[in-house]
1. Need one value for B:38-48: mean number of C-beta atoms belonging to other chains within 10 Å of its residues' C-beta atoms.
2. How much of the accessible area of the stretch B:1-44, probe 1.4 Å, is carbon plus sulfur, in whole percent?
3. Given H placed on each backbone N at 1.01 Å, which residues far from B:Met110 in sequence or on other chains put an amide H within less than 5 Å of it?
4. Per-residue mean of other chain beta-carbon atoms within 10 angstrom of the beta-carbon, peptide B:6-13?
5. Going down the list A:Lys152/A:Lys237; A:Lys389/A:Lys427; A:Lys112/A:Lys396, which pairs span over 19 Å between their C-alpha atoms?
6. Could you tell me which residue out of A:Tyr337, A:His300, A:Leu360 lies farthest along the dipole of the stretch A:294-426 toward its positive end? Charges go on the beta carbon: Lys and Arg +1, Asp and Glu -1, centred on the Cα centre.
7. For the stretch B:11-139, what is the convex hull (Cα atoms) projected area averaged across all directions, in square nanometres?
8. Among B:Val91, B:Ala125, B:Thr33, whose Cα sits farthest toward the positive end of the charge dipole of chain B (+1 at Cβ of Lys/Arg, -1 at Cβ of Asp/Glu, about the Cα centre)?
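The values are calculated or read from the model by the stated rules, or taken from the named source; none is laboratory data. Only a predicted model underlies this, so the values are computations on that prediction, with no experimental measurement involved. Neighbour counts run over all protein chains shown; Cβ positions are idealised from the backbone, glycine included. Please note that ligands, DNA and RNA were not included when accessible areas were found on the heavy atoms of the full protein model with its side chains. Shrake-Rupley method; radii C 1.70, N 1.55, O 1.52, S 1.80 Å.
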Amino acid sequence: MADVERTPGFNTLAIHAGAKPDPATGARATPIYQTASYVFDDVEHAASLFGLQAFGNIYTRIGNPTCAVLEERVAALEGGTAALAVASGHAAQVLVMHAMLTPGDEFIASTKLYGGSINQFNHSFKSFGWNVVWADPDDIGSFERAVTPKTKAIFIESIANPGGIVTDIEAIAQVARKAGVPLVVDNTLATPYLCKPIDYGADVVVHSLTKFLGGHGNSIGGIIVDAGTFNWSRDRKYPMLCEPRPEYSGIVLHETFGNFAFAIACRVLGLRDLGPALSPFNAFLIATGIETLPLRMQRHSENALAVAQWLSQRPEVAWVSYPGLASDKYHALAQKYVPKGCGAVMTVGLKGGYDAGVKLVSNVKLFSHLANIGDTKSLIIHPASTTHKQLSDEQKTKAGAGPDVVRLSIGIEDVADIIADLEQGLK
Amino acid sequence: MIKLNHDSYPDNYIRGILNTVKTIAMVGFSPNTSRPSYFVFKYFLERGTRVIPVNPGHAGKEVLGQKVYAHLADIPEPIDMVDIFRAPEHVMPVVEEALALKPLPMVIWMQLGIRNNEAAALAEAAGIKVVMNRCPKIEYGRLSSEISWIGVNSRTLSSKRAQILPGGVQRMGLGSGNGNDKGKEGDG
Ligand SMILES: Cc1ncc(COP(=O)(O)O)c(C=O)c1O
C-alpha cells in the first residue's frame, strides 16, 4: 500500500497546488474561465448548489475555477485550510472584518501598517460601525491594554509597509489567544516564502496579491486565507459563523464547514453580498506569477540587502531602515521571522531633506516613480510629496513619511544597474 | 492492516473506504434540510450511494424517498458503513449496535468534531476500519478535487486530470489514486 505520502516542498506547491490538468479539456496550463455563469446539470443540482449542499460553480461573483486555482495555491503555500480571492487587498480586509464584526464592535490594529489600511480603518470602517483601536507593535503591552469586551480581532502586518518593520507575530498571537479573538496578519510584504504567519499563531492571513504574489505589477487582487485554527463557536461571539444564517435557511457555517468555515463565510456572505469579485484573467496572471515566487523573493531580498548596505555607506544618506542590516532595530526579529531574507522594501532618510527626495525621484532612470511595491522592476516614491502630501510635517514623520524619506521597492534587475541608477540619482 | 493514530489519515485509506462503500447507514440523521447530516445524506444519494437514515424520532418517515429506521438492527439489508452524527458520549452504544450486525459493517465513521477512542478500539478489534472527526462529504470533495472549486486546500497534487462522473460536468469521481485514471467525459 502506497501509504507514505510525501509532503511537497514550497517550490513544488508554488507551481502545482490547485492546478491539476483541466478536467474537461486536459489543458495543462490553467484555463482562463472567462464566464459570468455556469449551466446546472439539472434543477436538483441547481438547488443543491444554491443551498451550499453541493460543491460547484454557480456565478463568478461567488466562485470561478480560475480564481479557485489561485485560492488553493495560496492556501497551500500559507499552510491554511482554504482561501478566498477577491478584487483587491483592501477588499480582502473589508470581507474579513465583515465576517468578524457587527456594528459597535472593536478591533485592535498595529500603528505600523500600509497607509491605505490606516485610512480604511480610520474612516471607511468607522462608517460601518467597526471601530479601530490602535496599538504599537514596539510595545506589546499596548495590545493587551487595548483589549475590551467589544474586541473581535487583532490586525497586524508581518513586515510592515513602508518602513521595513518586523512585527513580533508570536507575542501578539498570545495576546489574541488570551483575549479569545482571532489574529489577522497581512503578509503582503513577506509572502509565505519568507514568513508563514500561521506557524506563529495567525488565524487568518490576508494579502494584497497586487504586490509580490502576482509579482509583475499587472493586476490588482487580494486574498483571505483561513488557518482553520480559530474556534468561532466557543464564546458565541461570531454570529456569521456560529448562528443559524437566515440567508441560507438556517445553516450554521462553522458546524457545517468545520475548519474552513471562515473562508466559506467570507465567500457566501461577504463576497456574495458585498461583491468585490476577482476577474478570472487577473487570477490567471497572479497564479502564473506565483509559480516563480520563490525565485523572485530570493532575488528581491538579495538585491535589497546589497542596496541597503550600499546606501548606508553613502554621504547623502542619513539612515536606512531595512531589517536585513545587522545594525537595524528589527534585525533580531528578522532573524526569527524572515531568516531567508527581508524582502524588497526599505525606507531611506536623505540628509538633504524634502528637496533631496524630490531630486532623487526626478533623477532616476531605471527606478520607476510610482505608488506600488512588489514589481519585478525597481520602484521609488517620495511619500512626503505624494501619498502623504496632505499631512502636517509632524504627522508625516509619525507615519514614517517625513520630508526626508524615500521608499524603495528593489526589483530583480542586475543589482549593479540598480545601484548605478541610485548613484547617479543622488548626485 | 496499518496502525492509525486517528489524528491524520493517509489519503489512500480514505479513498479506499469511499471507493468501496456502497451502503451507508446514517445514525443521528436529521430531516432538517439545513443540518449537516442532511447535506451528507443528499450528497451521497446524488452520487448513487445507498444511504439509509437512522433516527428513532423519525422512524417510518420517508426522506428523499429513503425510509428512516429507528435502529441499526431494524435495517433489513447489509450495511457497508455506519456514519455517526452523535455526540462523542453517545457513540459507544451505536458502535455496540453495529458490532451486533450480521454481516458486520466494514467501516465505522464518526463525523467532524466527533471522536471516541474507546469505541474506535472496540470496532478495530473486530476488524472494522474506523475514521473519526472527519466528514465523508468533505473527504469525497477533497479527494475528487470538487472541493477545490470553493477554494479549499485539497492537499493533493496531480499531473493527471480528475475524473468527471457520468451525468454532469460538476460531479467528479475519486479515481484509484494511482494517477492512472482517464478523465472520463460525462454522458451529459
Ligand atoms: C501591506 C499592504 N496591505 C494592503 C494593501 C492594499 O492592497 P490593494 O492595493 O491590492 O487593495 C497594500 C497596497 O499597497 C499593502 O502594501
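1. The per-residue average across the peptide is 3.
2. 50
3. Amide H neighbours of B:Met110, under 5 Å, 5+ apart: B:Ile84, B:Val131, B:Met132, B:Asn133, B:Arg134.
4. Other-chain Cβ atoms within 10 Å of each residue's Cβ, averaged: 2.
5. Over 19 Å Cα-Cα: A:Lys389/A:Lys427.
6. The listed residue farthest towards the positive side: A:Tyr337.
7. Values: hull surface 28.6 nm².
Over every viewing direction, the Cα hull of the stretch B:11-139 projects on average to 7.1 nm².
8. After comparing all options, I get B:Thr33.
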